[in-house]
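First the structure, in the form of structure tokens, and then the observations on it.
Quick note: the coordinates plus some simple rules give every number you see, no bench work behind them. Just so we're clear, the structure is a prediction, and the values are computed from it rather than from any experiment. No Cβ is skipped: glycine too gets one built from the backbone with ideal geometry, and neighbour counts run over all protein chains shown.
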Amino acid sequence: MLFVLSSGMRGGPRAGLLATAGIATSEVIHVLVAAAGLSALFTAVPGAFTVLRVAGAVYLAYLGVQMIRQRGDLVVAAGDGATISGRRAYLTGLLTNLSNPKMIAFSVAFLPQFVDPALGSVWMQFIVLGAILIFLEFLIDGGVGVFAGRIGNWLRHRHALRRRVDTATGGILIALGFRLAVEQ
């Protein structure tokens, strides 16, 4: 949600929605992988989850550093201020959520609890659960992205404040990455 908020503020409502779309796309992948039995892999090879968790932590910290540094390849000048491109918002949302071990844990540990083979097709039940998850993703994070886009238009004319928001958001991402890396 923090990434969607930042994307909306920096790129407008469209970037906020595209960041949400990237996250939702990764949720489709998570649900499909959960339906295919990723939980069995993590049970058989516990180190695989640790590797994924550390990779996700490094990626979060990388995003935070990029946000603080405001490198030229991350932002594209647009008129009065810097904005994140729609393509960058989508791809970063996708990669951020794909490498999010908490989302993977949610998908492989939580979703299967609501699947009952006695009720019919397991795949169809996962599809319905995934559709509900994605609907809620667009409802909540999409709303945050659009709202942040409206604030971002106002914030674009306040360079010092925008810089502080980007630095604070980047710092939070770095802290979340660190916390994820040291969790057991």
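Does anyone have the angle between helix 122-137 and the longest principal axis of the chain? Alpha-carbon axes, 0 to 90°, nearest 10?
Orientation of helix 122-137: about 20 degrees from the principal axis.
Nearest 0.05, what FRET efficiency do Ile151 and Lys102 give at R0 = 22 Å with Cβ-Cβ as r?
Working: r = 27 Å, r/R0 = 1.21.
E between Ile151 and Lys102, to the nearest 0.05, is 0.25.
Fewest first, what order do Tyr62, Tyr90 take by the number of other Cβ atoms within 10 Å? Could you put the intermediate results ahead of the total?
Working: Tyr62 13, Tyr90 20.
Least to most surrounded, the residues fall as Tyr62, Tyr90.
Which residue, Phe3, Asn100, Leu161, has the largest displacement toward the positive end of the dipole of the chain when charges sit on each Cβ (Lys, Arg +1; Asp, Glu -1)?
Leu161
Taking the Cβ of Arg53 as the centre, find all other residues whose Cβ is under 9 Å away and add up their charges (Lys, Arg: +1; Asp, Glu: -1). The partial results should precede the final answer.
Numbers: positive: Lys102; negative: Glu183.
After counting each charged neighbour, the total is 0.
State the Cα centre-to-centre distance between the range 86-165 and the range 12-37 in whole Å.
6
Mind pulling up the Rg/Rh value for the range 2-182? Radius of gyration and Kirkwood radius, both on Cα. Could you put the intermediate results ahead of the total?
Numbers: Rg = 17.7 Å, Rh = 17.1 Å.
Reported Rg/Rh, Kirkwood definition of Rh: 1.03.
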